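> Have a look at this one.
The values are calculated or read from the model by the stated rules, or taken from the named source; none is laboratory data. Note that the coordinates shown come from a computational prediction; the quantities given were computed from them, not determined experimentally. Counting neighbours? That spans all protein chains shown, and the Cβs are built from the backbone with ideal geometry, glycine included. What goes into the accessible areas is simple: the full protein's heavy atoms, side chains included, and nothing from ligands, DNA or RNA. Shrake-Rupley method; radii C 1.70, N 1.55, O 1.52, S 1.80 Å.
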Amino acid sequence: MAKRDYYEVLGVDRGASDDELKKAYRRLAMKYHPDRNLDDESAQDKFKEAKEAYEILKDPQKRQAYDQFGHAAVDGNAGGGGPHGFQGDVGDIFGDIFGDIFGGGARRAQARQRGSDLRYAIELDLEDAVRGSEREIRVPTLGQCKTCKGSGAQDGKKETCSTCGGVGQVRMQQGIFSVQQTCPACHGSGQQIKNPCPDCQGQGRVRETRTLAVKIPPGVDNGDRIRLAGEGEAGANASMPGDLYVEVRVRPHKIFERDGDDLYCEVPISFTTAATGGQLEIPTLNGQVKLKIPAETQSGRLFRLKGKGVRSVRSNRQGDLMCRVQVETPVNLSGEQKDLLKKFEQSVSAAGDRHNPRASRWMDSVRQFFSRATS
């Protein structure tokens, strides 16, 4: 059976932050853990599936490979043995889930946290999306404070937190229970700043607007995302920054509609051209081409111009241009023109169904329908 998408398994979108991934995994782990569903094999399978998804997506390198190439890039990195078919120690799993409550998260609280990923939507004309371009964007973000280099301290020095002794957590006695929680003084870092940086007030990050050049690869389509590594928010405690995801939105075009790598357009033709045939100049994204219209062409007929569509951004395939012709009924006719058309109609009618076979067959079907209805 084909594996489900890891983001679908966790119930998050593809731009989910590390915290969103962790929360989603915690919820599923608590619901489907084997110790809570001893007689439910389907729950154990769902637990294994959620753990595999989280193990891949929480690792930035594995997540990047998965985003680009799917399961093929990470097969073998997750899953595995164990009595229930999952990899890893159950105690470690529940340590991740309940550590912040019962004390197992002290070490993680002191760890540096990667900065948040950002999203930015960019609008493109169809021509720019097909041919590729370069755009300059301005992104409001949290950047690393240059004065203190992200430490938050004016002199770059931090001291061990006097409240928790550097552990990052404090113990609270509630009746017979002893509960640990994140230290309120250092917020779990285990360190305190004696001389806060005046520019960032000890936060290590400042608000700024960053100007970036974005290269748009040829062939991008609506919803495609371009990842700019390290251009997201700065991380806390001078840790790694997040990434910036630029989402492409293509504006509607006056002539063409895109479907994958193919382009579609509607071409009006005259009654005379449809009946007797002719040649039309058809616009493409790379200039005009000639389209031969055979005699007796009916309205709605689709013509394919091979290789005149979009070159795929993911492969070397070149799409086609699909032209649908629509026979246009003449308007604003003079009296003389109307008389000529009536004479033409009389000439056509005199030949029976020779010139209008579809209309004749349709009338035969109508007569048969009424005949059955009255019998």
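> Taking the condition more than 28 Å from Asp13 (Cβ to Cβ) and free of Cβ contacts under 8 Å to residues at least 12 places away in the same chain, does Gln288 pass?
yes
> Scanning region 319-341 for residues that are assigned to a strand (DSSP E or B) and surrounded by 15 or more Cβ atoms within 10 Å (Cβ to Cβ), which turns out farthest from the chain's Cα centre (by Cα)?
First, the residues of region 319-341 that are assigned to a strand (DSSP E or B): 321-328.
Subsequent filtering for residues that are surrounded by 15 or more Cβ atoms within 10 Å (Cβ to Cβ) retains 321-323, 325, 327.
Working: Leu321: 25, Met322: 26, Cys323: 29, Val325: 34, Val327: 39 Å.
So, considering only residues that are assigned to a strand (DSSP E or B) and surrounded by 15 or more Cβ atoms within 10 Å (Cβ to Cβ), the one farthest from the chain's Cα centre (by Cα) is Val327.
> Something else: Does Asn316 fit the bill of being over 30 Å from Phe69 (Cβ atoms) and of a type outside the set (D, E, K, R)?
no
> Any idea which of (1) surrounded by 11 or more Cβ atoms within 10 Å (Cβ to Cβ); (2) within 30 Å of Asn222 (Cβ to Cβ); (3) more than 35 Å from the chain's Cα centre (by Cα) is the one Phe271 doesn't satisfy?
Going through (1) surrounded by 11 or more Cβ atoms within 10 Å (Cβ to Cβ); (2) within 30 Å of Asn222 (Cβ to Cβ); (3) more than 35 Å from the chain's Cα centre (by Cα) one by one, Phe271 breaks only (2).
> A follow-up question, please. Kindly indicate which of Gly156, Gly190 is more than 30 Å from Arg311 (Cα to Cα) and free of Cβ contacts under 8 Å to residues at least 12 places away in the same chain.
Answer to the check: Gly156.
> While we're on this one: Is one or more of the residues making up region 173-185 in a loop (DSSP other than H, G, I, E, B), in contact with a strand residue (DSSP E or B) (Cβ under 9 Å, 6 or more places away or on another chain) and of a type in the set (Val, Ile, Thr)?
Scanning region 173-185, I find no residue that is in a loop (DSSP other than H, G, I, E, B), in contact with a strand residue (DSSP E or B) (Cβ under 9 Å, 6 or more places away or on another chain) and of a type in the set (Val, Ile, Thr), so the answer is no.
> Mind telling me which of the residues Gln181, Gln191, Gln169 ends up being of a type in the set (S, T, N, Q), more than 17 Å from Gly235 (Cα to Cα) and more than 38 Å from the chain's Cα centre (by Cα)?
Numbers: Gln181 fails: more than 38 Å from the chain's Cα centre (by Cα); Gln191 fails: more than 17 Å from Gly235 (Cα to Cα).
Every option except Gln169 fails the conditions.
> Could I ask something else about it? If you go through region 134-153 one residue at a time, how many are among the small types (Gly, Ala, Ser) and either without any contact (Cβ under 8 Å) to a residue 24 or more places away in the chain or outside any loop (DSSP other than H, G, I, E, B) (or both)?
The qualifying residues number 2.
> While we're looking at this one, here's another question. Which count do you get for residues in region 114-127 that are buried (at least 19 other Cβ atoms within 10 Å of the Cβ) and more than 19 Å from the chain's Cα centre (by Cα)?
Here the count works out to 2.
> Scanning for something at pLDDT 80 or above, in a loop (DSSP other than H, G, I, E, B) and closer than 30 Å to Gly223 by Cα, does region 60-70 turn up at least one residue?
no
> Identify, by number, the condition in (1) at pLDDT below 95; (2) surrounded by 13 or more Cβ atoms within 10 Å (Cβ to Cβ) that Asn316 doesn't meet.
(2)
> Taking region 1-28 as the region of interest, how many residues are touching an Asp or Glu at 6+ places or on another chain (Cβ under 9 Å) and under 24 Å from Gly70 (Cβ atoms)?
Total meeting the criteria: 17.
> Within the set of pairs 6+ apart or on separate chains, which have a first residue in region 340-354 that is at pLDDT below 85, a second that is of a type in the set (D, E, K, R) and open to solvent by 100 Å² or more (accessible area, probe 1.4 Å), and C-beta atoms under 9 Å apart?
Val348/Arg354; Asp353/Arg361
> Can you tell me which residue in region 254-264 is least open to solvent (accessible area, probe 1.4 Å), limited to those that are touching a residue at least 60 places away in the same chain (Cβ under 8 Å) and either in contact with a Cys (Cβ under 9 Å, 6 or more places away or on another chain) or more than 26 Å from Ile137 (Cα to Cα) (or both)?
Phe256
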